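Data block below; observations after.
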Amino acid sequence: MQKPILICLLLKRVSCFIIGIVKSARIALLGIVFWLGATLGASPACAEEQEAAGAVRADEWLQEHPLKNGEEIRSDELWRTKLSSIHVVQIRAEEKPHIHKDHDLIVVLQRGNGTLFIGNAPLKIAQGSAASIPRGVPHAFINESAEPAAAYAVFTPPFDGQDTVPLDAGSPPQPVKKE
């Protein structure tokens, strides 16, 4: 096979792959979340550019917005667009089983580790882990670290604060409290 034909075939496959990625909203949102997570490792010299672009350093933000005494879960909205909202969620011990009827969710754990239940499947996650939770799918989280866990949560469409539906203890499996 001649080199120009081989190169054309390779370029065609790469462009089809890229088009497939662009068409997937979840993958695009996951890319945004990973970009946010990358700001953790940015140098201080870039801080002014990051702020101007709407970036946040999770470690600094969490120091300025810790869970208060007696507060088990905290969710703070960072940004909102027409299509999504980005939040920082902190969990001291556990998040009870629930669903979001009208929202898809992408979670990227930035601090801590634990077990994320998606449906009936337990998933061990640690700092840097990402998960996609489609609307209507039961989920819960058990923090297994000594400090509160913290994650970026991206909702599509933008989260209105009214779409968290608690579930019975059996769906997903009821998290077991740490001893």
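One line per residue, one yes/no per condition, for (1) in a strand (DSSP E or B); (2) within 13 Å of the chain's Cα centre (by Cα); (3) hydrophobic (A, V, I, L, M, F, W, C):
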{"site": "E71", "(1), (2), (3)": "no, no, no"}
{"site": "K82", "(1), (2), (3)": "no, no, no"}
{"site": "H87", "(1), (2), (3)": "yes, yes, no"}
{"site": "D102", "(1), (2), (3)": "no, no, no"}
{"site": "G114", "(1), (2), (3)": "yes, no, no"}
{"site": "P122", "(1), (2), (3)": "yes, no, no"}
{"site": "I125", "(1), (2), (3)": "yes, yes, yes"}
{"site": "A131", "(1), (2), (3)": "yes, yes, yes"}
{"site": "V137", "(1), (2), (3)": "no, no, yes"}
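Is it the case that G119 is more than 23 Å from E77 (Cβ to Cβ), touching a residue at least 40 places away in the same chain (Cβ under 8 Å) and not acidic (D, E)? Spelling it out, G119 is indeed more than 23 Å from E77 (Cβ to Cβ), touching a residue at least 40 places away in the same chain (Cβ under 8 Å) and not acidic (D, E). Six or more apart or on different chains, Cβ under 9 Å: which pairs go from a residue in the stretch 127-142 that's over 12 Å from T164 (Cα atoms) to one that's of a type in the set (A, V, I, L, M, F, W, C) and in a loop (DSSP other than H, G, I, E, B)? Could you list them? Sorted first by the residue in the stretch 127-142, then by its partner, the pairs are I142/A93; I142/V176.
Which one of these is without any contact (Cβ under 8 Å) to a residue 24 or more places away in the chain and either surrounded by 14 or more Cβ atoms within 10 Å (Cβ to Cβ) or among the charged types (D, E, K, R) (or both): K82, K124, K101? Before you say what the answer is, go through the steps one by one.
Numbers: K82 fails: without any contact (Cβ under 8 Å) to a residue 24 or more places away in the chain; K101 fails: without any contact (Cβ under 8 Å) to a residue 24 or more places away in the chain.
Just one listed residue meets the conditions, K124.
The criterion of being modelled with pLDDT under 95 and either aliphatic (A, V, I, L, M) or more than 22 Å from G136 (Cα to Cα) (or both) does not hold for L116.
The values are calculated or read from the model by the stated rules, or taken from the named source; none is laboratory data. Since the model is a prediction, treat every value here as computed from it, not as a measurement. With ideal geometry, Cβ positions are generated from the backbone for all residues, glycine too; neighbour counts draw on all protein chains shown.
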